[in-house]
Each structure stands twice: as structure tokens, then as C-alpha cells.
1. Report the Stokes-Einstein translational diffusion coefficient (µm² s⁻¹, integer) for the stretch 82-148, Rh taken as the Kirkwood radius over Cα pairs, at 37 °C with viscosity 0.692 mPa s.
2. Starting from the exponent 0.38 and prefactor 2.2 Å, build the expected Rg for the chain from its residue count and divide its actual Cα Rg by it.
3. Order these by the 10 Å Cβ neighbour count, fewest first: Cys109, Cys79.
4. If you fit an axis through the alpha-carbon atoms of helix 54-67 and take the longest principal axis of the Cα set of the chain, what angle between them do you get, 0 to 90°, nearest 10?
5. Please determine, in degrees from 0 to 90 and to the nearest 10, the orientation of helix 20-33 with respect to the longest principal axis defined by the Cα atoms of the chain, where the helix direction is its Cα long axis.
6. For Arg35, project a label point 7 Å along Cα to C-beta. Then give me every residue of the stretch 132-151 with its amide nitrogen under 15 Å of that point.
7. Amide H to amide H under 5 Å from Cys79: which residues, 5+ apart in sequence or cross-chain, H placed 1.01 Å off N in plane?
8. In percent, how large is the relative contact order of the chain, given Cα pairs closer than 8 Å and 6 or more residues apart?
Amino acid sequence: MIEEDIVGRLFNAFGKRTSEGQGRIYMEWVTKAGRYAEDIIEASIQNDTTFPPLARLNSALINKKSSERVSYDPNIERCYYCLDTGFVPYLYDPAGVSAERYYIKMFACKCSQAIVGIPKYFDEWNEVQFEQGDYEKHFLYPHIVDAIMMDRNNRLNNGV
Ligand SMILES: [Zn+2]
């Protein structure tokens with residue numbers, strides 16, 4: 001399926017009208033997501049009750065890519081900050097609409113995978129939010145942020 005069809009299908013499925021800029025950004029996402037794009041969009045159409053923001057599609061992309069991590073060719077260098085997705089996650093404390101949960105927003109990476117039109121991570125902050133710390137070497141930055149978010153949300157749930 002070609003990119004326009006995938007994006008068109010998504011917007012149609014949620015009865016959403018495409019603005020030119022938004023359509024372009026989703027199109028770029030589909031290009032970056034490559035062979036994963038169709039599956040992720042299809043899953044979103046089947047399961048989501050609301051039109052998926054890019055951050056949600058991108059979390060799905062990161063999950064898919066990291067679950068395939070074991071089969072990664074270790075000789076392929078991936079961007080540490082974005083796993084070659086072009087997006088770097090920033091973790092926010094529970095606030096506003098997401099009062100119950102820590103949540104992630106995506107910013108554009110500084111590498112060549114980054115999508116234009118999205119605020120750049122390293123323009124907003126001089127350095128990454130979290131250190132490698134005790135995380136193993138195969139944890140790249142998005143894995144660390146995911147792990148920390150999960151950990152903090154679990155603690156919230158358990159009232160620790
Ligand atoms: Zn990157």
C-alpha cells in the first residue's frame with residue numbers, strides 16, 4: 001500500500017478532514033515507519049476510539065522496533081536518542097488531562113531521521129532528561145524513558 005493510501009485510510013476511518021500540513025506530517029511518519037506503518041495504522045483503526053496523535057503511533061512504533069530488538073543485527077548502528085524513529089521521548093509528570101499518569105511527548109531528534117515541523121528535543125533541552133544509569137548497554141534512550149515511565153506509573157498505581 002502506498003503512503004497516501006495508508007494516511008487517507010486513517011483519516012477516513014476517524015472521519016477526520018486532512019489539513020495539508022497535518023497530512024504531510026502523517027505522510028512523513030508513514031515513510032519513516034516503513035514496513036511497520038501499515039500494521040500500526042491498521043491496529044489503531046481497529047482499536048483506538050479517538051484519532052491517534054503522532055505520539056501514540058510513535059509509541060507503537062518504538063514498541064514494535066524494541067520487541068524485535070533481539071533479532072537486530074548488532075552491526076547496524078541505530079541512533080541512540082531515537083532508535084532511528086526520528087522522535088525523542090520526554091517524560092512529563094502527571095498533570096492536567098493525564099492527571100493519573102506520567103506521560104510522554106515526542107520531540108524531533110537531531111539526527112537525519114527527524115521530521116520537520118515538530119519542536120526539536122535539543123532546542124528545548126541541552127541534554128537528555130535521564131542518564132544511562134544502571135540500564136544495560138542495549139537499552140537505548142527511548143527504552144530508558146519507557147522503562148522509567150512504566151516504573152513511575154506502577155508506583156503511582158500501587159500508591160508507593
Ligand atoms: Zn535520532
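Values in this text are rule-based calculations from the coordinates and carry no lab data. None of these values were measured; they are calculated from a predicted model. Ideal geometry is used to build each Cβ from the backbone, glycine not excepted, and the neighbour counts take in all protein chains shown.
1. So the translational diffusion coefficient is about 258 µm²/s.
2. Normalised Rg, Cα atoms only: 1.07.
3. The order, fewest Cβ neighbours first, is Cys79, Cys109.
4. With both axes taken from Cα atoms, the answer is about 60 degrees.
5. Taking the Cα atoms of the chain, the angle to 20-33 is about 60 degrees.
6. What the label zone holds, given the 15 Å backbone N cut-off, is no residue at all.
7. Asp84
8. Computed over the chain, the figure is 18 percent.
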